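The values are calculated or read from the model by the stated rules, or taken from the named source; none is laboratory data. As the structure is a computational prediction, the values presented were derived from the model and not from experiment. In this analysis, Cβ positions are derived from the backbone assuming ideal geometry, glycine residues included, and neighbour counts consider all displayed protein chains. Note: areas computed on protein heavy atoms with side chains; ligands, DNA, RNA excluded. Shrake-Rupley method; radii C 1.70, N 1.55, O 1.52, S 1.80 Å.
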Amino acid sequence: MSGDSAAKIRRKSSYDRFLKGECSMGSIARGYDLNLLQAMNALVEEASVTGAAERLQVSAATMSRTLSRLRETFHDAILVQSGRNMVPTPRALQMQPRVNQILAAIGDLYHPRRELDFTGLAPTFRIRAADVVIGPYAEALLRALRADCPDATLIFTAEPNSDDCDFLRQGGIDLYIGATAFLRPEIMRQTLFESRFRGVVRAGHPLLLGDITPQSLVIYDHVAVSRRGRRRGPIDEVLADQYGLTRNVALLLTSFYAALQGLSQTDFVLAVPDIVLDASPLEKLGLFAFQIPINLNPVAIFQAWHPRHENDLLHRWLRRTVMQVMCRRHVARGSTV
């Protein structure tokens, strides 16, 4: 084996261990350009070579060359074309939370935070999030905040029905947690984890009697959940593009939890994010979950804030606590992070 081949194997092994959390930043830093992590963070979050270049204040040509280096280093495309847009690969989304943690640690080394004195503080934070986030995480987040600041208060507001992307800019909300693409370019974000969809039907549903296929999936009526009243989504696009199939959405609701409550009395099929299922007693509801037999990309859940809060000590404490709570609970449930 040549020296170059052996070096590549060693690098790949180190990165694989890094992604699994089995090695420290110091053990991977030797012989590697950690600026690549900064570039990958920008590329994945912007989903655009041009957008990442503007964010890091480099030329598009420089960012394109950096993307080539990332692809060679991680043995993954990182960004791929999807129609007119670029989208991160599943492996890039899997790496993103670890990359964010490493970058945050490096930032703390160069710019140590002043200590935050919680004496006399009674902060109220307004967070906009969907019910899939509020349900599993609201109480745990408040407990974590009050462990440091006993008088902290959280106010959660639902996501709007319209594509309103000015809520962070206008200042009525401190933090957004979700997956919406409708955010202003200057809004800062940090990926927390990714969530996948599973199918849910009543126990004893005839769909469960044989192999579940894309063809058998569309035989039955479906329930869909959309705050914006949209009957079609990623599932419909994959069914149409890859299988030439169409499902019938007979019922459209605005809440996954509401959809689960009445499902056991019907033969409807419902697709639900795993973070909802992990917090729902399916057996008590008379329901059964299964893997959807089509190739659906995971959904990245992130927190987003306006740049005016970037260096605010209280807001940084809020974001750090959100990251710790949501990542820890998501890992404990056995989901992919």
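Before moving on, here are some points about what is shown:
- Filter result for E194 (open to solvent by less than 70 Å² (accessible area, probe 1.4 Å), closer than 19 Å to D131 by Cβ and of a type in the set (D, E, K, R)): yes
- Restricting the search to helices (runs of 4 or more DSSP H) fully inside segment 1-93 and requiring at least 1 residues that are open to solvent by less than 40 Å² (accessible area, probe 1.4 Å), closer than 30 Å to V238 by Cβ and modelled with pLDDT under 85 gives 3-19, 35-46.
- Members of segment 236-257 found to be part of a loop (DSSP other than H, G, I, E, B), farther than 20 Å from A158 by Cα and open to solvent by 40 Å² or more (accessible area, probe 1.4 Å), listed by number: G244, T246, N248
- Cβ pairs under 7 Å, 6+ apart, first in segment 213-231 and among the β-branched types (V, I, T), second assigned to a loop (DSSP other than H, G, I, E, B) and open to solvent by 60 Å² or more (accessible area, probe 1.4 Å): V218/T246; V225/T254
- Taken together, R143, R126, R114, R98 contain a single residue that is of a type in the set (D, E, K, R), modelled with pLDDT under 90 and open to solvent by 70 Å² or more (accessible area, probe 1.4 Å), which is R114.
- Residue match in segment 152-159 (condition: modelled with pLDDT under 85, outside any loop (DSSP other than H, G, I, E, B) and of a type in the set (D, E)): no
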